[in-house]
1. So which residues in region 301-331 are free of Cβ contacts under 8 Å to residues at least 40 places away in the same chain and either small (Gly, Ala, Ser) or surrounded by fewer than 19 Cβ atoms within 10 Å (Cβ to Cβ) (or both)?
2. Anything in region 332-348 that is hydrophobic (A, V, I, L, M, F, W, C) and either open to solvent by 30 Å² or more (accessible area, probe 1.4 Å) or under 17 Å from LEU412 (Cβ atoms) (or both)? List them, or say none.
3. Just give me the residues in region 38-60 being within 18 Å of the chain's Cα centre (by Cα) and in a strand (DSSP E or B), in sequence order.
4. What is the residue count in region 301-319 for residues that are within 19 Å of ASN240 (Cα to Cα) and either within 13 Å of ligand 2 (Cβ to nearest atom) or touching a Cys at 6+ places or on another chain (Cβ under 9 Å) (or both)?
5. Just for region 166-197: of the residues that are among the small types (Gly, Ala, Ser) and surrounded by 16 or more Cβ atoms within 10 Å (Cβ to Cβ), which one is nearest to THR119 (Cα to Cα)?
6. So which residues in region 211-225 are more than 16 Å from ligand 2 (Cβ to nearest atom) and open to solvent by 30 Å² or more (accessible area, probe 1.4 Å), if there are any at all?
7. With the structure loaded, tell me whether LEU93 is farther than 30 Å from ASP177 by Cα and in the same structural domain as PRO318 (by TED's automatic domain parsing) or whether it fails that test.
Amino acid sequence: MSDAPALPSLQDIASCVAGYDPNALSVEHAQQFIERFVPRVGAVEQLALRAALGRVLARDLVSHIDVPANDNSAMDGYALRSTDLKSGAPTVLRVAGTGLAGQQYEGKVAAGECVRIMTGAVMQGDLDTVVPQEFVVLMPAAQDDSRPPPRSTGEGHITVPAGIVRPGDNRRLAGEDLARGETALAAGRVLRPADIGLAASLGRAELPVHRRLRVAFFSTGDELRSIGEPLDAGCVYDSNRYTIHAMLTRLGVELLDLGVVRDDPGALEAAFRSACENADAVITSGGVSVGEADHTKQVMARLGEVAFWRIAMRPGRPMAFGRIASNGHTAVLFGLPGNPVAVMVTFYAFVRGALLAMAGAAPIALPLLRARAALAIRKKPGRTEYQRGIVTRAADGDWDVALTGAQGSGILRSMSVANGLVVLRHEQGSVAAGEHVDVLPFDGLL
Ligand code: AMP
Ligand code: MG
């Protein structure tokens, strides 16, 4: 896809990232580098409210009304003047009438009187407090004279026990949810269900959102077979394209699946060009290892500005990152390693945040759990490790985490069995049993 001019070069960014060394890059440095390098999509479209779920809000949503518009009752009960309440003794009040939800009792309310009120009914005049109906004793008018009990009009008297309400109780103030002129939702917000409801409470039928990011992806490697093909000796089914497809689907981007591309310079170049001309970002897996004999790296380097990194992490050490160009279109390139676990870990560590930033989303740190390691974990300082863990709630309320067993970067089952990644920091050494570690839970991870 076409881009804005004057994009920074890899060299520009490298000079801004302190301690940049492509052959020994920490995860944090790689994240900073990527965050500075990737462009943001500018285009905005108006979407009907319901269609905007999961999309990125392009402009601040400012409230043009007070929500709620009037002071109103938070309970079914009786609205009264707190000045009428006796201190230390029950108060008897006459019920002047009833206010229904969305309405206001229009009659007069004299001193010593109250109004039967429903949740959401407008609080009239100087009535400032609501006593919930279950706290009062109602003495219907029928007890005072010979008329039948007029419960529907709420007439009669109530006794409010001493000390049961304080002034202002159970009254929702006008504008307490949102005041006129207040920013309800800031630009860059990935819209969640509550945000859609909030926009509806302002009467908004549409929202301005960034256009969806388009992401192309393909797998490289002559040993890969697509589903439906026979599995020849020494071959594996291409699983990366399916995990990448699934992770991108969660992110809500538009997808362009270019299949498996064989290790042939012409086929690779055609795939990279097609990806670049039709997408904002391109994700590949495989072919970026140091000793890699195939053509992937050469073609990447030829089509643009691409750095080949060795990241101090496990799994996921080799990764290509940069920008490729074809026929006036440019796209950000993420060349992920081939091992299935490395693909997922590098996606969560680098690609997810970068794609959200490109889509215009404000950065949101992923929430981490602190969990107690069930057993000791061996770890070398000087690299970030992402081990697959199973987190459970312990009897004492703490979180426990156990590793899933063999942690090889080709063992995709370890990701499937796990419910989170144990993140062992760059400087961190081995972990003793019972020590707390950070865990990135998969639930809720886009
Ligand atoms: P590479 O990074 O190309 O050296 O690949 C490392 C390992 O990952 C090799 O064992 C590959 O067979 C495997 N691999 C590469 N791409 C895929 C893929 N798309 N699906 C499953 N395994 C893959
Ligand atoms: Mg390979």
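1. Residues satisfying the conditions are ALA301, ARG302, GLY304, ALA320.
2. The first filter runs over region 332-348 and keeps only residues hydrophobic (A, V, I, L, M, F, W, C), leaving 332-334, 336, 341-345, 347.
Listed by number, the residues that qualify are LEU336, VAL341, ALA342, VAL343, MET344, VAL345, PHE347.
3. VAL56, LEU57 - these are the residues of region 38-60 that are within 18 Å of the chain's Cα centre (by Cα) and in a strand (DSSP E or B).
4. So the first thing to find is which residues in region 301-319 are within 19 Å of ASN240 (Cα to Cα), and the list is 314-319.
Within this subset, residues satisfying the condition of being either within 13 Å of ligand 2 (Cβ to nearest atom) or touching a Cys at 6+ places or on another chain (Cβ under 9 Å) (or both) are 318.
Result for region 301-319: 1.
5. As a first pass, look at region 166-197 and keep what is among the small types (Gly, Ala, Ser): 168, 174-175, 179, 181, 184, 186-188, 194, 197.
If we keep only those that are surrounded by 16 or more Cβ atoms within 10 Å (Cβ to Cβ) as well, we get 174-175, 184, 187-188.
Numbers: ALA174: 14, GLY175: 17, ALA184: 24, ALA187: 33, GLY188: 35 Å.
Within region 166-197, the match that is nearest to THR119 (Cα to Cα) is ALA174.
6. Across region 211-225, the qualifying residues are ARG211, ARG212, ARG214.
7. Working: farther than 30 Å from ASP177 by Cα: yes; in the same structural domain as PRO318 (by TED's automatic domain parsing): no.
In short, no.
Yes or no, residue by residue, for (1) in the same structural domain as ILE324 (by TED's automatic domain parsing); (2) of a type in the set (Gly, Ala, Ser); (3) within 16 Å of ligand 2 (Cβ to nearest atom); (4) surrounded by fewer than 17 Cβ atoms within 10 Å (Cβ to Cβ):
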position	(1), (2), (3), (4)
LEU251	yes, no, no, no
ALA267	yes, yes, yes, yes
ALA270	yes, yes, no, yes
VAL288	yes, no, yes, no
VAL299	yes, no, yes, no
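The values are calculated or read from the model by the stated rules, or taken from the named source; none is laboratory data. Just so we're clear, the structure is a prediction, and the values are computed from it rather than from any experiment. As a convention, Cβ positions derive from the backbone with ideal geometry for all residues, glycine included, and neighbour counts pool all protein chains shown. The accessibility values were calculated without ligands, DNA or RNA, using every heavy atom of the protein model including side chains. Shrake-Rupley method; radii C 1.70, N 1.55, O 1.52, S 1.80 Å.
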